[in-house]
Each structure stands twice: as structure tokens, then as C-alpha cells.
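Let me give you the structure first, and then I'll get to my questions.
The values are calculated or read from the model by the stated rules, or taken from the named source; none is laboratory data. Only a predicted model underlies this, so the values are computations on that prediction, with no experimental measurement involved. Cβ atoms come from the backbone with ideal geometry, glycine included; neighbour counts cover every protein chain shown.
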Amino acid sequence: MSLSLRPLHPLFAAEASGIDLARPLPPEQIAAVVAALDRHAVLVFRGQPLDQEQQVAMAKQFGPLNPGLKKIGGRVERMRDAALIDISNLDPEGRPLPRDNKKIISGLANQLWHSDSSFQAPAVSYSMLSAVTLPSWGGQTEYADLRAAWDALPLRLQRQVKGLEAEHFALHSRMTLLGDDDYSAEQLATLPAVVWPLHRIHPGSGRDVLFAGIHARRILGMGVAEGKMLLLDLLEHATQPQFRYRHEWQVGDLVIWDNRSTLHRGRAYDLSEPRDLRRTTNDEVPLPVRAVA
Ligand code: OGA
Ligand code: MN
């Protein structure tokens, strides 16, 4: 079988089928997935429930795995692999955590538009999120196409943004929700802020990207307030409804997205109901196999 694609939105996102993610992928299937991500940015695989080991093995074929915020620690671990990120509201016994728990706050911060791990360098590429248990309502994940957002940016803003750089900080989203936060100096020092240009070229597709998102906390060389307003304006622009795809989860879905060309956010749900998803994220590496165009 080979990879089949069915577009889910006029601009980006496609449903992918025809390959079995639980088995090692031959080089031509990896190349086909990479090429599909370069084009569609978000791929939805339905009906492919993977156990933890299978998801890790599948993801590793696309580059080394990056544990992201797990590096700052402080959590009781539910996942068997250090690179598997627990996107749930559950304690180790599978019960919903109290609403003031740090993990719940992190989950709420995931409801702000972001690109995974944009607060670290070197960059990451793909995230892969699988659905294990879903709440009775809400809890969708929305994506925004940052290539379309760039293309639609007025020329005046394109000119202004080219050459500007933003500082991205790991805990900015949490601090946006909580104000002052109680992370230790050691935790704060684990993930120092990094700088990314606001305008980037996506390596796989050559397309221009407006690299916005909640991890960006200031613009270099600009007053704090003016920089924040520009970041908020760009984020508002990039996440307009016409640039969005909303994924309605089913158990057994696995969604792969490219963090270099999209933003995403979770949507609200009843925090007293279990919601259990698992994520991996890849370091950006040149992949050995590229599809011939
Ligand atoms: C993530 C994330 C959103 C969601 O896993 O990186 O942001 O819907 N998830 O849980
Ligand atoms: Mn995320």
C-alpha cells in the first residue's frame, strides 16, 4: 500500500491513509509522509491506535525525540518512555487531577496558540499526538497555517516583519495565565529564552512563514509594549478562521503536524472528565530520504 491523501481544508491539513504506522516504515513511505507534511502541514491518520512503544518507535523514524518542557521536571510520570509527553489531565492512577494542579495549568496553557518547543534551539520539526481517551464534549485541537498567514499579510507588514526577531520563552504561556509563577531559579535556567526571526523560510517547501505564537514574549530592539502589541496583532492575523483547521478527535487518531509551518491550540473541555493523549516531538534534522518532487 502507499500513502493516500484527502484534503480536509482549502489551505492545509489532509487525512492520510494506506500505511500502517505500527510497523517500521520503508524509506519511500517516510519520504512520502515528509513530502505530504511539506505540502499539507497537518496529517490526520484515523483508526491507528498505537501503544506507547509503537508510538515512540514510529516517531523516531523522523528524527531524534525531544522531551520539551519535560526537561524542567517536577511531575509524577505516567509515560514509560522519557520522550513520550503525557498530554492528559490524569494522575498515575488515571483519575482527573485537581484543577489547581500544575499539569492542569500546563494543559490550559496548551489552549493558547503555540508552536511546540519554539522556546528552544535547535528547532523541532514534527509533533505526533495520539488519542487514547476523550471527554464527552470539547477537547478538539485547532491548527493555523502560518504559510497562508504570511501570504495574506499586507505588504507593509511583510516589509516591517522581515528582519525582526522575537524572543521565545518556555514559561511565557504559563505566566500569561498565572501572572507571576513559582518556578524555581533552577527550573527557569533549564530552558533559557531563544531568538527566532518572525519571518522564516520553511526548509521542506521553500514557503514563507509568519512565525508567531504565545511563546514569543518580546521583539528584539523594540519597546516592550510596542513589541507585545505587534506580536498580539500578528498572532490575531495568523489565527483568523480562514487559516484554521479544527480536528475533532476520535480514539485511535494520530495527528502529525509540522511546528515550523503551523500553530495549534487545544480547546476547552470538562476538566473533571478524563482526556488522555500522548505526544512525541522531533528535533529538526535533515532527513536522509527526500521525495522526488
Ligand atoms: C500538544 C498540544 C493541544 C491539545 O500536545 O502539544 O498543544 O489539544 N495539545 O491537547
Ligand atoms: Mn502543543
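Could you say which residue among Gln120, Gln158 is over 12 Å from the mean Cα position of the chain (by Cα), within 16 Å of ligand 1 (Cβ to nearest atom) and either more than 14 Å from Arg174 (Cα to Cα) or among the hydroxyl-bearing types (Ser, Thr, Tyr) (or both)?
Only one candidate passes the filter, namely Gln120.
Moving on to the next point. Among the residues of region 94-105, are any over 21 Å from Met222 (Cα atoms), within 12 Å of ligand 2 (Cβ to nearest atom) and of a type in the set (Val, Ile, Thr)?
No - not one qualifying residue is present in region 94-105.
Would you list the helices (runs of 4 or more DSSP H) that sit entirely within region 122-219 and hold 1 or more residues that are away from ligand 2 (no atom under 16 Å from the Cβ) and closer than 23 Å to Phe243 by Cα?
Fully inside region 122-219 and qualifying: 146-151, 155-161.
Would you check which residues across region 31-46 are among the hydrophobic types (A, V, I, L, M, F, W, C) and either free of Cβ contacts under 8 Å to residues at least 40 places away in the same chain or not in a helix (DSSP H, G or I) (or both) and list them?
Correct list: Ala36, Ala41, Val42, Leu43, Val44, Phe45.
Please name all residue pairs, on different chains or six or more residues apart, with Cβ atoms under 9 Å, provided the first residue is in region 1-30 and is within 23 Å of Glu53 (Cα to Cα) and the second residue is surrounded by 11 or more Cβ atoms within 10 Å (Cβ to Cβ) and at pLDDT below 95.
Hits for this filter: Pro27/Val289; Glu28/Val289; Glu28/Ala291; Ile30/Leu287; Ile30/Val289.
Since Pro274 meets every condition but one in (1) touching a helix residue (DSSP H, G or I) at 6+ places or on another chain (Cβ under 7 Å); (2) within 16 Å of ligand 1 (Cβ to nearest atom); (3) in a loop (DSSP other than H, G, I, E, B), which condition does it not meet?
Of everything listed in (1) touching a helix residue (DSSP H, G or I) at 6+ places or on another chain (Cβ under 7 Å); (2) within 16 Å of ligand 1 (Cβ to nearest atom); (3) in a loop (DSSP other than H, G, I, E, B), Pro274 misses just condition (1).
Applying the selection to region 236-271, what residues are touching a helix residue (DSSP H, G or I) at 6+ places or on another chain (Cβ under 9 Å) and among the hydrophobic types (A, V, I, L, M, F, W, C)?
Selection gives Ala238, Phe243, Leu254, Ile256, Trp257, Leu263, Ala268, Leu271.
Would you check which residues across region 221-231 are aliphatic (A, V, I, L, M) and surrounded by 12 or more Cβ atoms within 10 Å (Cβ to Cβ) and list them?
Met222, Met229, Leu230, Leu231
Could you please let me know if His237 is buried (at least 16 other Cβ atoms within 10 Å of the Cβ), in contact (Cβ under 8 Å) with a residue 12 or more places away in the chain and in contact with a strand residue (DSSP E or B) (Cβ under 6 Å, 6 or more places away or on another chain)?
no
Residue-wise test of (1) more than 24 Å from Ala238 (Cβ to Cβ); (2) in contact (Cβ under 8 Å) with a residue 60 or more places away in the chain; (3) buried (at least 19 other Cβ atoms within 10 Å of the Cβ).
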{"position": "Leu134", "(1), (2), (3)": "yes, yes, yes"}
{"position": "Gln140", "(1), (2), (3)": "no, yes, no"}
{"position": "Ala152", "(1), (2), (3)": "no, yes, no"}
{"position": "Arg156", "(1), (2), (3)": "no, no, no"}
{"position": "Ser173", "(1), (2), (3)": "no, yes, yes"}
{"position": "Gly179", "(1), (2), (3)": "yes, no, no"}
{"position": "Thr190", "(1), (2), (3)": "yes, yes, no"}
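Listed here are the residues, each with its yes/no results for (1) modelled with pLDDT under 95; (2) under 16 Å from Pro135 (Cβ atoms); (3) among the basic types (Lys, Arg).
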| residue | (1), (2), (3) |
| --- | --- |
| Gln242 | no, no, no |
| Asp258 | no, no, no |
| Ser261 | no, no, no |
| Glu273 | no, yes, no |
| Arg279 | no, no, yes |
